[in-house]
Every structure is written in C-alpha cells, then in structure tokens.
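What follows is a set of notes on a single structure, which appears directly below.
The values are calculated or read from the model by the stated rules, or taken from the named source; none is laboratory data. Owing to the predicted nature of the structure, the values given are computational and were not obtained by experimental measurement. For neighbour counting, all protein chains shown are included, and Cβ atoms are generated from backbone atoms with ideal geometry for every residue, glycine included. Side chains are part of the model used for accessible areas, which takes the heavy atoms of the whole protein and leaves out ligands, DNA and RNA. Shrake-Rupley method; radii C 1.70, N 1.55, O 1.52, S 1.80 Å.
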Amino acid sequence: MTHSSPHGPPHRPVAPARSGRSPRALLTALLGCVLPLASALLLAVAPPVAAAPAAQLTEVTNFGDNPSNLRMHLYVPDNVPENPAVLVAVHYCTGTGPGFFSGTEFASLADRHGFIVVYPSATRSGQCFDVSSAQALERDGGSDPVGIRSMVRHVEQHHNADPDRIYATGASSGAMMTNVLLGNYPDVFQAGAAFAGVPHSCFANNDGSGWNSACAGGTVDRTPQQWGDLARAAYPGYSGERPRMQIWHGTNDDTLRYPNFTEQIDQWTNVHGLSRTPDSTDTPQSGWTRTRYGGTGDQTPVEAISIQGAGHNLPQSGMAARAVTFFGLD
C-alpha cells in the first residue's frame, strides 16, 4: 500500500527574525509537517491485514427429504476445485458429526486434497444410525439412508460436486451405514471404507431395538452368495457397476466381533463376482495384513485390512489417509 508523501518544509531555512513569523507560528508549521509524516510512517509499518479465516464446519438445514431428522454438517475447504469430490463421513454410536469432524483426519485430508466432507448426525436415543429396519435396508425405503442421500444431492446442487466421485466412510455404526449406503445406492457411491463394521443386512431385525446381538457377536455366518444376494436385494434390478469397498477390522474387537470382517469380504467379493482367494497379500505396516481382490493396485474392487491386536477403536492415525488413497482422492 502506498501513501502520498506529506509536503515538507521549504528546503532553504528561513530565520524567524527575517520572516517576521512568531515562534508560535513556526511551531504550528513544524507540527503541521511532522504529524502527517509520523502518521504515514505508522501506516507504512502497520501489520498486514489478517488473512480470512480458514474453512469451518457449518450446519446445513432443509437439505431435502429427511424422514429420520438427521442433522447435516458440511466442511468445504478453501481450495476445492470447480467440480469437487464428496466424502460422507459417518460417526459411531453416541457420536456426532462435529465430533467425527474434530476426532478424525478426514477434514485435514480434505484441506490437502480439495474434496468436500459431509458429516451426518444421528439424533435418536443412543445416536446410532439405523442399519436394521426394513426401511433402512432398501433403496429409498426411508429412515437414515434417505436423509444421507439427500445430503449428497444437496452438495451436488449447491457446490457443483462431481456425481461420479461420491464416497462413504464410517466407524462402527458409521461403518455399518457405509455397507448399507453402498448396497442401497450403488449408482451414487463409487467406493466406501468401513472401519469396524458388519455386512449389509447383518443387523436386520424387526423388534425396533436397532441392535442385533448375533451379528454383533460374530455368529451370523452366511455364504458369499447369500451375503451378495442381500446387498443386491436392496436395489432390485440394478445391473450397473458396483462400488469398491475397503474393509478394516481389529482382531480383538469386542463390540462388533472379528468374524464380521470375513463376512464383509464374503459379501463384497460376491457382489463384484470375485473369487474369495486374494490376488495379493502384504503387510503395509507392522501388525497389518492387507488382502486385495480383483486386482493388486490401490483402487482394487475389494481391499481388506486386518489389524492385529486392535479393538473397537478404528480408525487410528494414518488409516484415513489409506482410505483416501483407496478412493483415489489423493
């Protein structure tokens, strides 16, 4: 910022006696020169104007059909491209969207890679998502999946999001919802990452409790074909491409037992028409065993990561970045 220089005194000194000006007049003239100069100097060294605040989580209301009164929070980084990708990040039981925003690494990854994150919040008692009712387990049947689909549509309409780059992830109840969303809306979601979840329809019950002890305990054992049929039944007649799935589970999970890891692999390999024999097996880091099905690259149809000794506490540090790589968002 430039400033016009104040007019200075004449270059040739003028003696008071010869000019006829009184000492008071001279003092006034001197101050008239010095004060503007001082002001200009202060402006010149003033600190720069503070940058605009970084992107913040905001709540969106009236986002569309929302039969179960979910809440929606949205994180739009400052650097999103013209047609950004969208990640739906779904919290665990007792959690909230803002809590999942602050407690996971997805927002910082969104800052780095320029995608939008939607954080749904369950509002029922216990703050679990509905992954058990008949309405929730079929496309547009009602309940939470319909509200989440409305959130995605809202972002597509109001932020010019790319409909071919919509993804879902979640932990525990949110991981179960990730499985449900990919079964109900295979034409909406391109891929999902489920941290400590269960297969689509594993939690189904008719008692309204929202809980299925057999599934949680890891005693629901179906064939890959049976699991695949349940996922396909959520959207009868659909014959298009199916979303890719990344599955994470700790071997010591005492809330949603470890057999659910295998059952999810059964479901999604069958949905993709793949063999249950992995194309590759490796150890990305100590204690991790990763198997890939239908390919060996970062964006294979199905990828499964078993975490030795981990409990019901996923995702841990660095895992969100692996999910973002699986989505292709990095």
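Can you find a residue that is open to solvent by 40 Å² or more (accessible area, probe 1.4 Å), farther than 17 Å from Arg322 by Cβ and more than 11 Å from the chain's Cα centre (by Cα) anywhere in region 114-123?
Keep residues of region 114-123 that are open to solvent by 40 Å² or more (accessible area, probe 1.4 Å), which gives 123.
Those left that are additionally farther than 17 Å from Arg322 by Cβ: 123.
Then keep just the ones that are more than 11 Å from the chain's Cα centre (by Cα); that gives 123.
Within region 114-123 (the criterion being open to solvent by 40 Å² or more (accessible area, probe 1.4 Å), farther than 17 Å from Arg322 by Cβ and more than 11 Å from the chain's Cα centre (by Cα)), the answer is yes, since at least one residue qualifies.
How about region 233-248: which of its residues are of a type outside the set (Phe, Trp, Tyr) and farther than 21 Å from Gly295 by Cβ?
The answer is Ala233, Ala234, Pro236, Gly237, Ser239.
Being outside any loop (DSSP other than H, G, I, E, B) and small (Gly, Ala, Ser) is the filter here; which residues of region 183-209 pass it? Explain how you work it out, then say what you get.
Taking region 183-209 and keeping what is outside any loop (DSSP other than H, G, I, E, B), we get 183-184, 191-195.
Correct list: Gly183, Ala191, Gly192, Ala193, Ala194.
Table: residues versus (1) out of contact with any Leu (no Cβ under 7 Å at 6 or more places or on another chain); (2) over 18 Å from Val180 (Cα atoms); (3) small (Gly, Ala, Ser).
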position	(1), (2), (3)
Ala122	no, no, yes
Ser132	yes, no, yes
Asp140	yes, no, no
Pro145	no, no, no
Val152	yes, no, no
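Output the number of the condition that Met245 fails; it satisfies all remaining conditions of (1) under 20 Å from Ala168 (Cα atoms); (2) open to solvent by 30 Å² or more (accessible area, probe 1.4 Å); (3) of a type outside the set (D, E, K, R); (4) assigned to a strand (DSSP E or B).
(2)
Do we have any residue at all in region 162-183 that's at pLDDT 95 or above, surrounded by fewer than 19 Cβ atoms within 10 Å (Cβ to Cβ), at positive phi and not aromatic (Phe, Trp, Tyr)?
no
Working only within region 191-223, note down all residues that are open to solvent by 10 Å² or more (accessible area, probe 1.4 Å) and either of a type in the set (Asp, Glu) or under 29 Å from Asp164 (Cα atoms) (or both). Give the derivation first.
So in region 191-223, the residues open to solvent by 10 Å² or more (accessible area, probe 1.4 Å) come out as 201, 204-214, 217-223.
Answer for region 191-223, where residues must be open to solvent by 10 Å² or more (accessible area, probe 1.4 Å) and either of a type in the set (Asp, Glu) or under 29 Å from Asp164 (Cα atoms) (or both): Ser201, Asp207, Asp221.
Quick one: is Gln264 under 25 Å from the mean Cα position of the chain (by Cα), closer than 19 Å to Thr223 by Cβ and either surrounded by 19 or more Cβ atoms within 10 Å (Cβ to Cβ) or free of Cβ contacts under 8 Å to residues at least 12 places away in the same chain (or both)?
Details: under 25 Å from the mean Cα position of the chain (by Cα): yes; closer than 19 Å to Thr223 by Cβ: yes; either surrounded by 19 or more Cβ atoms within 10 Å (Cβ to Cβ) or free of Cβ contacts under 8 Å to residues at least 12 places away in the same chain (or both): yes.
The answer is yes for Gln264.
From Ser317, Ser275, Ser286, Ser280, grab the single residue that is loosely packed, with under 13 Cβ neighbours inside 10 Å and more than 22 Å from Glu105 (Cα to Cα).
Details: Ser317 fails: more than 22 Å from Glu105 (Cα to Cα); Ser286 fails: more than 22 Å from Glu105 (Cα to Cα); Ser280 fails: loosely packed, with under 13 Cβ neighbours inside 10 Å.
After ruling out the rest, the residue left standing is Ser275.
Here's a check for you: in region 63-90, which residue that is among the β-branched types (Val, Ile, Thr) and assigned to a loop (DSSP other than H, G, I, E, B) is nearest to Ser150 (Cα to Cα)? Lay out the reasoning, then the answer.
Narrowing region 63-90 to residues among the β-branched types (Val, Ile, Thr): 76, 80, 86, 88, 90.
Then keep just the ones that are assigned to a loop (DSSP other than H, G, I, E, B); that gives 76, 80.
Working: Val76: 17, Val80: 21 Å.
Looking at residues that are among the β-branched types (Val, Ile, Thr) and assigned to a loop (DSSP other than H, G, I, E, B), I get Val76.
Restricting to region 286-317, name every residue that is without any contact (Cβ under 8 Å) to a residue 24 or more places away in the chain, within 21 Å of Tyr258 (Cβ to Cβ) and in a loop (DSSP other than H, G, I, E, B). Reasoning before the result, please.
Taking region 286-317 first, the residues without any contact (Cβ under 8 Å) to a residue 24 or more places away in the chain are 286-290, 292, 295-297, 316.
Now narrow it down to the ones that are within 21 Å of Tyr258 (Cβ to Cβ): 286-290, 292, 316.
Those that are without any contact (Cβ under 8 Å) to a residue 24 or more places away in the chain, within 21 Å of Tyr258 (Cβ to Cβ) and in a loop (DSSP other than H, G, I, E, B): Ser286, Gly287, Gln316.
For Gln226, work out the one condition from (1) open to solvent by 40 Å² or more (accessible area, probe 1.4 Å); (2) closer than 27 Å to Met151 by Cα; (3) of a type in the set (S, T, N, Q) it doesn't fulfil.
So Gln226 meets the others, but not (2).
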